[in-house]
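Take a look at the structure below.
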């Protein structure tokens, strides 16, 4: 039980410290700026999504649209550096 408690303590303290570090370094602002830059450089993400989701689901109807959405966002990040 002591080992489990130690692990729980480490996990919770790690989460608390990570959250504080992210806040201190303006993590949310940096993410928002990166999203803005990628969207600006990649063009209309709604058009990409509207074209890609039906095409991909047509190829693999059992595939979930969320999987396709994730693939589109990964492709945007890869091709449109921030």
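Every number in this text was worked out from the coordinates using simple rules, so none of it is lab data. As the structure is a computational prediction, the values presented were derived from the model and not from experiment. Virtual Cβ from ideal backbone geometry, glycine too; neighbours counted across all protein chains shown.
Considering only helices (runs of 4 or more DSSP H) fully contained in the chain, which possess at least 1 residues that are surrounded by 10 or more Cβ atoms within 10 Å (Cβ to Cβ) and in contact with a helix residue (DSSP H, G or I) (Cβ under 6 Å, 6 or more places away or on another chain)?
27-42, 45-59, 65-79
Between residues in region 17-44 that are closer than 14 Å to residue 80 by Cβ and residues that are not in a helix (DSSP H, G or I), which pairs lie under 7 Å by C-beta distance while being six or more apart or on different chains?
Here the result reads 34/82; 37/82; 38/80; 38/82; 41/80; 42/80, each pair linking region 17-44 to a residue that is not in a helix (DSSP H, G or I).
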